[in-house]
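The values are calculated or read from the model by the stated rules, or taken from the named source; none is laboratory data. From a predicted model like this one, the values you see are computed outputs, not experimental measurements. Please note: Cβ atoms are built from the backbone with ideal geometry, for glycine as well, and neighbour counts cover all protein chains shown. To get the accessible areas, we keep the full protein, side chains included, count just its heavy atoms, and leave off ligands, DNA and RNA. Shrake-Rupley method; radii C 1.70, N 1.55, O 1.52, S 1.80 Å.
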Amino acid sequence: MRTTAHIALLFAAATGLTTLTAAPATAETITTIDSGHVDVFGVAFESGAFHLHVHDEAAAAEYEPSEVLLVAKSAARTSVPADPAYRFLGTPGAPVWVLPQVQDPDLLWPGIAAEEIEPGIFTEGTLKLKVERVRGPGDFSIFTTDAVGAPTVLVDSGDGLPDRIELTAGGHQHANWAFEAAGTYTVTVRAAGVLAATGQKVVSESATYRLKVNR
């Protein structure tokens, strides 16, 4: 079992990027991505509507969520820390697969990005990504950790959904993505915001992402 201190170091925030990706998707193929810097939840606002997508940073390639299979390799497997603050991940010592906040060049480094949205389009503090539904063999969570390893949970399917992640126009963030069992997951999300110019609330169509966790 890894110690809590080791987990904290693994999950601590970092910068940098390395990406390895397959060829662009076609109508006949699905692009599989299992390593590198990828903004899984990419949020844009174009022609008065949100566009949710997957952005492969290194390849400068953009995909519809349905065109991509995102993979957590078996190397992402670790153990739930004994620290009670991590109880949301399950029983201490139980297996959990974590795509970490810190970049590991051998693993997928998932980001959440609203970099394509200009500041000032939405009223401050009203741009959100709502995680509506998770289906899979176990619970799924997204959480950040601070410099001393204390977690802040953004999403936890284990205690009920929907959950909302606050976004900053023009912003970008990384967090730990945790899966409590191996297998295939689907995560369905929507984006919403209030337009600064009119006060109108804009909500996206739902987008479903597929992720595979290798044992």
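Observations
- Gain on full stretching of the segment that runs from Ala85 to Ile30 - 0.36 nm per residue minus C-alpha separation: 16.0 nm
- Partners of Lys130 within straight-line reach, counting lysines whose Cα lies under 16 Å from its Cα and excluding those fewer than 8 residues away in the same chain: Lys201.
- With a Förster radius of 25 Å applied to the beta-carbon distance between Asp106 and Arg164, the computed FRET efficiency rounds to 0.20.
- Probe 1.4 Å, protein heavy atoms only - accessible area per residue of the chain in square angstrom: 45
- Projected label distance in nm at Val203 and Glu124, using a 7 Å step from Cα toward the beta-carbon: 2.7
- Selected from Ala150, Ile112, Gly93, residue furthest toward positive end of dipole (segment 76-215; charges at beta carbon): Gly93
- Taking every DSSP helix (H) stretch of at least 4 residues in the chain, weighting each as -39,500 (n - 2.57) and dividing the sum by the residue count yields a mean residue ellipticity at 222 nm of -1000 deg cm²/dmol.
- The aspartates and glutamates within cross-link reach of Lys128, meaning a Cα-to-Cα straight distance under 18 Å and a gap of 8 or more places when in the same chain, are Asp39, Glu46, Glu115, Glu116, Glu118, Asp156, Asp163, Glu166, Glu205.
- Fraction of accessible area attributable to carbon and sulfur, the chain (%, probe 1.4 Å): 50
- The lysines whose alpha-carbon is closer than 20 Å to the alpha-carbon of Lys73, local same-chain residues fewer than 8 away aside, are Lys212.
- Here the contact order of the chain, divided by its residue count and restricted to Cα pairs under 8 Å and six or more residues apart, works out to 25 percent.
- Taking the alpha carbon gyration tensor of segment 32-213, multiplying each eigenvalue by 5 and rooting it gives semi-axes of 27, 18, 15 Å, largest first.
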